[in-house]
There are 2 protein chains.
Amino acid sequence: MSFTIQNVLIPVEGGYETADVQVADNCISALALAKRSVRRRRSRRVGKPAPTGATPTKRIAPNNPPFNSPPHQGGDRGGETVIDGTNKLLLPGFVNAHTHSSEMWQRGIIPPLPLELWLAELYDFTPLDPEQVYLSALGTAVETLLSGGTTVVDHLVLIPGQELETIAAAVRAYQEIGIRAFIGPLIQDESLTAGMPAGENAIEHAAYIRSTKATLDLMESAIKQFHNPELGVNILLAPTGIQLCSDALFEGCIDLSDRQNLCRHAHLLETRAQKQLAQQKYGCSAVKHLQQIGYLSSKTSLAHCVWLDDSDIAIMAETQSTVVHNPLSNLRLGSGIAPILKYREAGVNVSFGCDGAASNDSQDLLEAIKIGSILHNITDLDYRHWITPRQSVEMASLGGAKGLNVADEIGSLTVGKKADFVLYDLTSLSLLPRTDPIGLLILGRPTNAVHSVWVNGRQIVAEGKVKTIDVDDLRRELFDRSEWTSKRQSPMVSEIEAHYRKVMNLQGYS
Amino acid sequence: MSFTIQNVLIPVEGGYETADVQVADNCISALALAKRSVRRRRSRRVGKPAPTGATPTKRIAPNNPPFNSPPHQGGDRGGETVIDGTNKLLLPGFVNAHTHSSEMWQRGIIPPLPLELWLAELYDFTPLDPEQVYLSALGTAVETLLSGGTTVVDHLVLIPGQELETIAAAVRAYQEIGIRAFIGPLIQDESLTAGMPAGENAIEHAAYIRSTKATLDLMESAIKQFHNPELGVNILLAPTGIQLCSDALFEGCIDLSDRQNLCRHAHLLETRAQKQLAQQKYGCSAVKHLQQIGYLSSKTSLAHCVWLDDSDIAIMAETQSTVVHNPLSNLRLGSGIAPILKYREAGVNVSFGCDGAASNDSQDLLEAIKIGSILHNITDLDYRHWITPRQSVEMASLGGAKGLNVADEIGSLTVGKKADFVLYDLTSLSLLPRTDPIGLLILGRPTNAVHSVWVNGRQIVAEGKVKTIDVDDLRRELFDRSEWTSKRQSPMVSEIEAHYRKVMNLQGYS
């Protein structure tokens, strides 16, 4: 597969340049700027913050034909496919670094509840048909692609008794649509109620449906059967988190990830309740404990990280662990504001995730990046620490790649890296008038702005439409398999709400 | 103008019903539910919170043909226009209750800065051509309409020396496109630097370009020339706020608004710096001062209201003033989180605004509503106080109408009220699978979901496209009158930054 995107805007230090971007063998083979050419071995990354000193206004003039001149619709140049990049911006693909695809079936329906109760309702109505998992994985991929993502990390909820079938369904979806996928089957070995602080009285929890050993065996099979980076499918070791996992499960995952050279993933201190629980369980912070058992590493990415203190942050930096920031979910569930500016100051790598669609309730990566960038301005009076749009782009692309240990392969527009990138139409109303293209892409609300997407050199989206699957068919399937409801009763919420209100010191233990 | 929307989903207490909605003489003339009919004099409002007790799952079945049956594309029933509402949701139009349309020219370009410095950069590059004002008013209206809004409150920045021409340009835009408009010419009588706390040393400020009397005369002319509610154009008295206005200006506005029965608008305590300034200026809180001079009333809406304390909130409730919440701007500028749950608890009316596009950096009302709803979950541990999606809809529609003193005319699907409403396509991928339509509309990220919009019974949007203006022409104009830039130098920021850092106690007075 070989093609050139001509005359496209790309970010460079201090501004933008018009470039021709050439792809061969699924990789970026050349980046030729209007003025100078950059070929193999000279890397040119997006996302380096512009120098803070005075830079004169930079105009993109010479190569920009007016908006209303007839566009070249691509073509052929000496046998090579040519794509017209005029009035378009090319950026590396973003990583949707934490989601749970099958939550799509419950988006919009769970009322405002904190994680612990929200989770109970989620579990009560979780999809039990692998075909549903297939469809929601497609839906998750479509929304991720159309909001600038080329890679998805699916912390996949498994259907009990059909665990491998669940993974197979997601793998099928991601391969069909062509997005780069990291699937972390969501495993645990303790029952849901164990995930809440006990309060004054110790509570007996039912045994989990599957033993620790059976779960680790399952993971071994999943890796053998599905892990195939060459085909764009990767398996992660992804215990749900300290709230529902034994040390034996974490240690088994460490062992598997070391033996197979796979990345690790987990939720970490999403809620105040989990912080309380960690103290009860370990007598120290969850981060300290995970460090002690060896779970933290440069191959470990941790979703949420809302309730870490300064010493925890130092451990995250020391172990080179990645924080996956899910701002919309953290607001929706009232979890809190993750101390992202502190992570950045401490040198901790941060990326963005949508989290599952039942706590977001969408999979729009640009929305997560926007809110995950501006939210922190209220946490630090000094605006010089605030995240700039270029930094956001770097976090979403290179930061995401680092957290998955693939920063040498994807995450920037660099010669030699895989052709995972996105072309934005700068004539979309939402990106007009012309100002700073990256500023408006990140801080605005881009609508129908993604023109084309390539993953591993393969074009997945063209003219704003996903080409690899029939999205109208998908819509019809989603429609036919669902119904409008205004309210539903979750038995588990009724069962645990009084206990939750008590241990969290909320008024009225009804 | 007379038509019926048939077979459309509307929210009712405890769920949804399928209804026929009839419009005659620009008003809702009948609401016939599938089971029972509601005619004149019996109001049926959207947005009442569902009863908190147990309600069984409610399904919308009988009148819903499958997704893939051929849709009726509207038609004629005995001489009356019929619109097919199958698989669509009808809601009252939302109010974009605070914006500054001409900021569209600078969206995406101003770096992360707090209000006081951001404002300096904004002023340095403000558009000076009424034609630009016309175009950005159109752009603001298009984005508002396509995100569920039918009314816009434009706190309009005036071009010095061309004040009436500026207002005329905005009026022309709003009348052409057909959105309901409340234009509050932005007036002040003190210079920008007066808007910052003085610190230890009193600072001399340059006189403002226009006297208080000249400004009030200008407002009198504007009202005479442009205020025309019958044509959907209303003038507001809108001094920018305590930070840049004398008591004489506020009092002149009170007098004009009383004499002409017009609403009042202003910014209020957006930043910590303004709170400091109010203490310096009045020796009491800004809210107390505005109450004392008589500015607060049931016809007064105030944008931001971030830094009010409990006694200020009590005054807001007592005076029946409206808070306009602009969550995205408050995050983007690091202003803080307005205590919206406290306002609601105190009985203060709250509506939503996008604020100007240079601090948002979009005009997507659904995004503002979503973030303005979920943001507050992190401010109150008790989830029973959190805003539900139905409450959000009521705040955005009826809350907006109340703040403009037109709750008897718009803001709900009520027989006798104006036909200002929006039809959402529930087969949009972003609103699938089918769950709770309002839940997903508010908490998700609706994309291409607005199917049709009517204002005053006139159809402005059909099949997702604005019909009253040529949006492609607008895009071309915006494109041609702008250029991509990566950085620009604001002389005023350089001038005032050191002082700002000093009075706000920030490190490094560079």
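The values are calculated or read from the model by the stated rules, or taken from the named source; none is laboratory data. Note that this is a predicted model, so its numbers are computed, not measured. Note: ideal-geometry Cβ built from the backbone for every residue, glycine included; neighbour counts use all protein chains shown.
Counting the residues of segment A:136-171 that are part of a strand (DSSP E or B) and either without any contact (Cβ under 8 Å) to a residue 12 or more places away in the chain or of a type in the set (A, V, I, L, M, F, W, C) (or both) gives 3. A:Tyr208 meets each of the listed conditions (1) over 22 Å from the mean Cα position of the chain (by Cα); (2) within 30 Å of A:Ala419 (Cα to Cα); (3) aromatic (Phe, Trp, Tyr) apart from (2).
One residue stands out in segment A:403-431 among those that are among the aliphatic types (A, V, I, L, M) and assigned to a loop (DSSP other than H, G, I, E, B): the one that is farthest from the other protein chains (Cβ to nearest Cβ), namely A:Val406.
Screening B:Ala168, B:Ala173 for residues that are surrounded by 23 or more Cβ atoms within 10 Å (Cβ to Cβ), at pLDDT 95 or above and assigned by TED's automatic domain parsing to the domain that holds B:Asp364 leaves exactly one candidate, B:Ala173. The residue of segment B:437-460 that is nearest to the other protein chains (Cβ to nearest Cβ), among those that are over 19 Å from the mean Cα position of the chain (by Cα) and closer than 19 Å to B:Val23 by Cα, is B:His451.
Could you look through segment B:252-264, keep only residues that are more than 15 Å from B:Glu190 (Cβ to Cβ) and not hydrophobic (A, V, I, L, M, F, W, C), and pick out the one that is surrounded by the fewest Cβ atoms within 10 Å (Cβ to Cβ)? First the steps, then the outcome.
Quick first cut of segment B:252-264, residues more than 15 Å from B:Glu190 (Cβ to Cβ) only: B:254-264.
With the extra rule that they be not hydrophobic (A, V, I, L, M, F, W, C), the set shrinks to B:255, B:257-261, B:264.
Details: B:Asp255: 13, B:Ser257: 23, B:Asp258: 14, B:Arg259: 10, B:Gln260: 14, B:Asn261: 8, B:Arg264: 25.
So, considering only residues that are more than 15 Å from B:Glu190 (Cβ to Cβ) and not hydrophobic (A, V, I, L, M, F, W, C), the one surrounded by the fewest Cβ atoms within 10 Å (Cβ to Cβ) is B:Asn261.
The one condition from (1) closer than 20 Å to A:Ala462 by Cα; (2) within 11 Å of another protein chain (Cβ to nearest Cβ); (3) outside any loop (DSSP other than H, G, I, E, B); (4) at pLDDT below 95 that A:Leu89 does not meet is (4). Take the conditions over 21 Å from the mean Cα position of the chain (by Cα), crowded, with 23+ Cβ neighbours inside 10 Å, over 20 Å from A:Ser430 (Cβ atoms) and not small (Gly, Ala, Ser) and apply them to B:Asp420. Does it pass? No. Of all the residues in segment A:448-486, those that are in contact (Cβ under 8 Å) with a residue 12 or more places away in the chain and outside any helix (DSSP H, G or I) number 21.
Could you please give the count of residues in segment A:385-402 that are part of a loop (DSSP other than H, G, I, E, B) and buried (at least 23 other Cβ atoms within 10 Å of the Cβ)? Explain how you work it out, then say what you get.
Going through segment A:385-402, the residues part of a loop (DSSP other than H, G, I, E, B) turn out to be A:386-388.
If we keep only those that are buried (at least 23 other Cβ atoms within 10 Å of the Cβ) as well, we get A:387.
Within segment A:385-402, residues that are part of a loop (DSSP other than H, G, I, E, B) and buried (at least 23 other Cβ atoms within 10 Å of the Cβ) number 1.
Whenever a residue of segment B:402-420 is within 22 Å of B:His265 (Cβ to Cβ) and in contact (Cβ under 8 Å) with a residue 40 or more places away in the chain, its partners that are small (Gly, Ala, Ser) and assigned to a loop (DSSP other than H, G, I, E, B), lying with C-beta atoms within less than 6 angstrom and at least six residues away or across chains, give the pairs B:Asp420/B:Gly93.
What do you reckon, is B:Leu441 surrounded by 23 or more Cβ atoms within 10 Å (Cβ to Cβ), more than 23 Å from B:Glu394 (Cβ to Cβ) and of a type in the set (A, V, I, L, M)?
Numbers: surrounded by 23 or more Cβ atoms within 10 Å (Cβ to Cβ): yes; more than 23 Å from B:Glu394 (Cβ to Cβ): no; of a type in the set (A, V, I, L, M): yes.
Against the criterion (surrounded by 23 or more Cβ atoms within 10 Å (Cβ to Cβ), more than 23 Å from B:Glu394 (Cβ to Cβ) and of a type in the set (A, V, I, L, M)), B:Leu441 does not qualify.
Just one of (1) touching a strand residue (DSSP E or B) at 6+ places or on another chain (Cβ under 9 Å); (2) assigned to a helix (DSSP H, G or I); (3) under 24 Å from B:Ile159 (Cα atoms) fails for B:Met316. It is (3). Within segment A:346-384, can you find the residues that are more than 7 Å from chain B (Cβ to nearest Cβ), in a helix (DSSP H, G or I) and farther than 19 Å from A:Ala396 by Cβ? Scanning segment A:346-384 gives A:Ala346, A:Ala358, A:Ser359, A:Thr379, A:Arg384. For first residues located in segment B:221-234 and over 11 Å from B:Arg180 (Cβ atoms), partners that are in a loop (DSSP other than H, G, I, E, B) and lie 6+ apart or on another chain with Cβ distances below 9 Å form the pairs B:Ile223/B:Leu262; B:His227/B:Leu262. Which of (1) among the basic types (Lys, Arg); (2) touching a helix residue (DSSP H, G or I) at 6+ places or on another chain (Cβ under 7 Å); (3) away from chain B (no Cβ under 14 Å) is the odd one out, the single condition A:Arg434 does not satisfy? Among (1) among the basic types (Lys, Arg); (2) touching a helix residue (DSSP H, G or I) at 6+ places or on another chain (Cβ under 7 Å); (3) away from chain B (no Cβ under 14 Å), A:Arg434 violates only (3).
Of the residues making up segment B:384-392, none is in contact (Cβ under 8 Å) with a residue 12 or more places away in the chain and over 25 Å from A:Thr485 (Cβ atoms).
Residue pairs whose Cβ atoms lie under 6 Å apart, separated by 6 or more positions or on different chains, with the first residue in segment B:331-343 and at the interface with chain A (Cβ under 7 Å from one of its Cβ atoms) and over 18 Å from B:Ile369 (Cβ atoms) and the second of a type in the set (Lys, Arg) and buried (at least 23 other Cβ atoms within 10 Å of the Cβ), do not occur.
Go through B:Thr485, B:Thr435 for me and flag whichever is modelled with pLDDT under 95, touching a Lys or Arg at 6+ places or on another chain (Cβ under 7 Å) and β-branched (Val, Ile, Thr). Give the derivation first.
On the way: B:Thr435 fails: modelled with pLDDT under 95.
So the residue among B:Thr485, B:Thr435 that is modelled with pLDDT under 95, touching a Lys or Arg at 6+ places or on another chain (Cβ under 7 Å) and β-branched (Val, Ile, Thr) is B:Thr485.
Scanning segment B:215-241 for residues that are in contact with a His (Cβ under 7 Å, 6 or more places away or on another chain) and more than 15 Å from B:Gly184 (Cα to Cα) yields a count of 0.
Those residues that are in a helix (DSSP H, G or I) and among the aliphatic types (A, V, I, L, M), I need them from segment B:261-281; list them, please.
Initial filter on segment B:261-281 (in a helix (DSSP H, G or I)): B:272-281.
Listed by number, the residues that qualify are B:Ala273, B:Leu277, B:Ala278.
In segment A:258-274, of all residues being under 10 Å from A:Trp307 (Cα atoms), at pLDDT 95 or above and among the hydrophobic types (A, V, I, L, M, F, W, C), the one that is nearest to the chain's Cα centre (by Cα) corresponds to A:Leu268.
Once segment A:109-135 is narrowed to residues that are buried (at least 24 other Cβ atoms within 10 Å of the Cβ) and part of a loop (DSSP other than H, G, I, E, B), the residue that is farthest from the other protein chains (Cβ to nearest Cβ) is A:Ile110. Condition check for B:Thr140 on (1) under 23 Å from A:Ile438 (Cα atoms); (2) within 12 Å of chain A (Cβ to nearest Cβ); (3) over 19 Å from the mean Cα position of the chain (by Cα); (4) polar (S, T, N, Q): one failure, at (3).
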